[in-house]
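Notes to accompany the following structure.
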Amino acid sequence: MRYLTFALAKGRLAKKSLEMFEKIGITCDEMKDEKTRKLIFVNEALKLKFFLAKAGDVPTYVEYGAADIGVVGKDTILEEGRKLFEVMDLGFGKCRMCVCGPESARDLLKHHEMIRVASKYPNIAKDYFYNKKHQTVEIIKLNGSVELAPIVNLSEVIVDIVETGSTLRENGLTILEEICPLSARMVVNQVSMKMENDRIMKLIKDLKEVIG
Ligand code: PRP
């Protein structure tokens, strides 16, 4: 039997991903050690390998088959646009992709003004403004703390993830429009889905039972 390799998105989703796998008897104790600098973890008994990667790289590992399976947010899947199968909504990491800004920016969205939109997700922002709203905008790519942009007048609005809404509230910003709901998803390499179909389908079935 060959190894099945899992790429898990580092950060918020990693802990929940491991908890979910534990519920179906897939454990990887080595990986829980937060201080370890090791990159790849093996469960010899089950012939499984796990690694943590930057969220944005997970779809890349899966498309190229370096990982058979990935766990990553829908935001990253949409932004990266990789060729892979999205097989399951895992039901955790729920949040929303939104257009946010100060209340005063609401009118700019109504009247199709040429505005600047800052985001860590330029492809999602482009798709929303160009293909759904038919509004021409300038997209500015940022790498984090995107809520700063409208505060320091880099942009009029942002496209970003809203989970609890506290980052917005604490910075005097609000949701202006909702783009789509997000959550963690399981993705599978297209070749692995055929070659390892039985093992992968069993995994999906087991996960569905614990997720409900
Ligand atoms: C995300 C997102 C928002 C925040 C939303 O940022 O970009 O800033 O969380 O969460 P909330 O609605 O519960 O306040 P993250 O913490 O991932 O860091 P970042 O600034 O690097 O994007």
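The values are calculated or read from the model by the stated rules, or taken from the named source; none is laboratory data. Predicted, not measured: the structure shown is a model, and the values here were computed from it. Please note: Cβ atoms are built from the backbone with ideal geometry, for glycine as well, and neighbour counts cover all protein chains shown. These accessible areas exclude ligands, DNA and RNA; they are computed on the full protein's heavy atoms, side chains included. Shrake-Rupley method; radii C 1.70, N 1.55, O 1.52, S 1.80 Å.
Filter the stretch 158-198 down to the residues that are without any contact (Cβ under 8 Å) to a residue 24 or more places away in the chain, more than 10 Å from the ligand (Cβ to nearest atom) and of a type outside the set (A, V, I, L, M, F, W, C), then identify the one that is most open to solvent (accessible area, probe 1.4 Å).
K194
Select, from E147, E103, the only residue that is in contact with a Ser or Thr (Cβ under 6 Å, 6 or more places away or on another chain) and either within 11 Å of the ligand (Cβ to nearest atom) or β-branched (V, I, T) (or both).
E147
Take the conditions outside the structural domain of A125 (by TED's automatic domain parsing), open to solvent by 30 Å² or more (accessible area, probe 1.4 Å) and within 16 Å of the ligand (Cβ to nearest atom) and apply them to A9. Does it pass?
Considered against the rule, which asks whether it is outside the structural domain of A125 (by TED's automatic domain parsing), open to solvent by 30 Å² or more (accessible area, probe 1.4 Å) and within 16 Å of the ligand (Cβ to nearest atom), A9 comes out as no.
Would you please name the residue that is least open to solvent (accessible area, probe 1.4 Å), looking only at residues in the stretch 138-157 that are of a type in the set (D, E, K, R) and in contact with a helix residue (DSSP H, G or I) (Cβ under 6 Å, 6 or more places away or on another chain)?
Of everything passing the filter in the stretch 138-157, E147 is least open to solvent (accessible area, probe 1.4 Å).
What residue, of K208, K132, is more than 26 Å from G11 (Cα to Cα), open to solvent by 30 Å² or more (accessible area, probe 1.4 Å) and away from the ligand (no atom under 16 Å from the Cβ)?
K132
Touching a Phe, Trp or Tyr at 6+ places or on another chain (Cβ under 8 Å), open to solvent by 60 Å² or more (accessible area, probe 1.4 Å), under 13 Å from V187 (Cβ atoms) and in the same structural domain as L8 (by TED's automatic domain parsing): does that describe L39?
No.
Name the residue, out of C28, C95, that is open to solvent by 10 Å² or more (accessible area, probe 1.4 Å) and without any contact (Cβ under 8 Å) to a residue 60 or more places away in the chain.
The match here is C28.
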